[in-house]
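These notes are about the structure you will find just below.
Each value in this text was obtained by applying a stated rule to the coordinates, not by laboratory testing. Keep in mind that what you see is a predicted model, and the values were worked out from it rather than measured. For neighbour counting, all protein chains shown are included, and Cβ atoms are generated from backbone atoms with ideal geometry for every residue, glycine included.
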Amino acid sequence: VAAYDQGAHVTYLGPTGSQMGKKETAADTARVLGGMYDGIEYRGFSQRTVETLAKESGVPVWNGLTDEDHPTQVLADFLTAKETLKKPYHEINFTYVGDGRNNVANALMAGAAIMGMRFHLVCPQELNPTDELLNRCKELAKENGGEILVTDDIDKGVKGSDVLYTDVWVSMGEPDEVWEERIKLLKPYQVNQEMIEKTGNPRVIFEHCLPSFHNTDTKIGKEIYDKYSLKEMEVTDEVFEGKHSVV
């Protein structure tokens with residue numbers, strides 16, 4: 001939509017609109033698309049696929065979402081935070097609460113390190129990011145004047161936050177069987193009014209990449225309620241619809 005609004009000619013190829021990875025290799029598709037278009041956004045499951053497109057197409061390629069990363073989401077979230085808080089990035093305390101291994105958590109941590117922000121990742125130890133990613137982000141943060149903290153201590157992690165951010169507890173590509181374990185691990189990390197108050201910041205804002213399971217008005221929300229008697233998951237409806245939310 002943004003490209004179209006700026007006068008560009010755009011084409012959308014959905015899951016059934018291409019033979020990439022089925023009858024045609026990603027590299028072959030990349031070379032064809034690179035001869036037809038000036039830029040390609042890839043939004044799909046495989047990080048390997050977007051890297052192949054970037055290598056083989058000969059045109060700019062950007063990641064709209066993969067199983068490992070979500071950089072375009074971070075651009076939008078950081079801009080929203082800066083505009084709302086009216087602070088430069090190096091003064092923003094950004095806290096992510098939830099599954100510390102998922103693509104959004106990975107992208108936010110890397111983005112915060114690049115921008116020199118103070119970033120806290122609050123999650124159970126079982127859901128910590130990989131050591132490789134964490135060490136790389138800590139090095140970037142040090143170079144840019146930022147700070148990275150990973151902790152399972154909710155009080156310590158959220159204190160002083162300007163932004164509280166969360167995402168769904170089960171990410172794309174994960175089987176339904178993980179719901180029970182994930183709920184047990186992450187229920188204490190639900191973003192609720194108590195957590196908002198623990199920040200000690202009356203101006204803290206809440207962000208979410210969406211979709212969000214904050215009530216039972218969705219098919220999955222209803223199924224989770226029927227099976228686990230849980231009306232709200234990663235964030236309560238009170239917070240999602242409340243004054244701190246900029247979703």
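Before moving on, here are some points about what is shown:
- Distance-filtered residues of the stretch 175-216 - backbone nitrogen under 16 Å, label point 7 angstrom along residue 222 Cα→Cβ: 213-216
- Structure-based [θ]222 nm, the chain - -39500 (n - 2.57) summed over DSSP H runs of at least 4, per residue, nearest 500: -11500 deg cm²/dmol
- Peptide packing: for 104-111, 137-144, the average count of neighbouring Cβ atoms within 10 Å per residue gives the ranking 104-111, 137-144, highest mean first.
- Here the Kirkwood formula, the inverse mean of 1/r across different C-alpha pairs, assigns the stretch 1-110 a hydrodynamic radius of 15.8 Å.
- Given in Å, the Rg to one decimal and the Dmax to the nearest whole number for the Cα atoms of the stretch 97-176 are 12.3, 40.
- Computed from backbone phi with θ = phi - 60° and the Karplus coefficients 6.51, -1.76 and 1.60, the 3J(HN,Hα) list for the stretch 55-67 is 6, 9, 7, x, 10, x, 10, 10, 8, x, 2, 9, 5 Hz; x is used for glycine and proline.
- Dividing the C-alpha radius of gyration of the stretch 2-65 by 2.2 N^0.38 Å, with N its residue count, gives 1.06.
- Cα-only Debye scattering, the stretch 146-247: base-10 log of I(q)/I(0) at q = 0.15 Å⁻¹: -0.63
- Against the empirical 2.2 N^0.38 Å (N residues), the chain has a Cα radius of gyration ratio of 1.07.
- Annotation for the stretch 102-167 versus the stretch 190-207: alpha-carbon center distance of 17 Å.
- Considering only 206, 92, 154, and ranking their Cα positions along the charge dipole of the stretch 71-240 that arises from unit charges at the beta-carbon of Lys, Arg, Asp and Glu, the one farthest toward the positive end is 92.
- Paramagnetic reach from residue 25 in the stretch 41-60 [backbone N under 17 Å; point 7 Å along Cα→Cβ]: 48-58
- Exceeding the 23 Å Cα-Cα cut-off - candidates 138/198; 156/184; 156/187; 82/231; 87/159; 82/187: 138/198; 82/231; 82/187
- Order by protection proxy (mean Cβ within 10 Å, highest first), peptides 112-123, 180-191: 112-123, 180-191
- The stretch 57-102 - Kirkwood radius from inverse mean 1/r over Cα pairs (Å): 12.8
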